[in-house]
Amino acid sequence: MTKAKLEIYFFRQASGKEPVRDLLKSLPPLERKFIGEDLKTVQWGWPIGMPLVRSLGGGLWEVRTNLPKRILRIIFCTRDNNIVLLHGFIKKTQSEDIKLAKRRIAKLRGDI
């Protein structure tokens, strides 16, 4: 049985900015290609686990993309059979990035 495709949306701030879209646009084309392939795998294969996707708890998940010289993480949630890309970053340390994604999911849910 073929799995249903989930639509991917970018979290939009009140200002209209889409932080994950902005991050992706700032990357070189080859890196965007790798990330796009990983997002497509999640989109068509959800639910999917390690090593590509890891649960962060509280409804947050991360896509773990290994780029040629660095690692990119995109934190997302699912909502109404859609994927919402909340935050993206080049991996260094994650604690502040996870806190930011938690604030964004709370806004998306209307908790704030």
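Selection over the stretch 80-96 of residues that are surrounded by fewer than 19 Cβ atoms within 10 Å (Cβ to Cβ) and either within 20 Å of Lys17 (Cα to Cα) or aliphatic (A, V, I, L, M) (or both) gives a count of 3.
Considering Asp97, Asp111, Asp80, the condition of being modelled with pLDDT under 95 and within 19 Å of Glu7 (Cβ to Cβ) is satisfied by Asp80 alone. Considering only residues that are in contact (Cβ under 8 Å) with a residue 12 or more places away in the chain and on the phi > 0 side of the Ramachandran plot, look in the stretch 39-62 and name the one that is surrounded by the fewest Cβ atoms within 10 Å (Cβ to Cβ). It comes out as Gly58. Please count how many residues of the stretch 1-58 are under 19 Å from Asn82 (Cβ atoms), of a type in the set (Ser, Thr, Tyr) and modelled with pLDDT of 95 or more. Matching residues across the stretch 1-58 total 3.
Within the stretch 1-20, which residues are more than 13 Å from Thr78 (Cα to Cα), touching a residue at least 40 places away in the same chain (Cβ under 8 Å) and of a type outside the set (A, V, I, L, M, F, W, C)?
To start, the set of residues in the stretch 1-20 that are more than 13 Å from Thr78 (Cα to Cα) comprises 1-4, 12-20.
Checking which are touching a residue at least 40 places away in the same chain (Cβ under 8 Å) leaves us with 3-4, 19-20.
Lys3, Pro19 - these are the residues of the stretch 1-20 that are more than 13 Å from Thr78 (Cα to Cα), touching a residue at least 40 places away in the same chain (Cβ under 8 Å) and of a type outside the set (A, V, I, L, M, F, W, C).
Looking across the stretch 14-30 at every residue that is under 15 Å from the mean Cα position of the chain (by Cα) and outside any loop (DSSP other than H, G, I, E, B), the one that is surrounded by the fewest Cβ atoms within 10 Å (Cβ to Cβ) is identified as Lys25. Report yes if Thr65 is on the phi < 0 side of the Ramachandran plot, surrounded by 15 or more Cβ atoms within 10 Å (Cβ to Cβ) and either in a strand (DSSP E or B) or modelled with pLDDT of 95 or more (or both), otherwise no. Against the criterion (on the phi < 0 side of the Ramachandran plot, surrounded by 15 or more Cβ atoms within 10 Å (Cβ to Cβ) and either in a strand (DSSP E or B) or modelled with pLDDT of 95 or more (or both)), Thr65 qualifies.
So Ile75 ticks every box in (1) closer than 17 Å to Phe34 by Cα; (2) exposed (fewer than 13 other Cβ atoms within 10 Å of the Cβ) but one. Which box is left unticked? For Ile75, the exception is condition (2).
The values are calculated or read from the model by the stated rules, or taken from the named source; none is laboratory data. It should be emphasised that the depicted structure is a prediction, and the values quoted were computed from it without experimental measurement. Here Cβ is always computed from backbone atoms with ideal geometry, including for glycine, and neighbour counts include all displayed protein chains.
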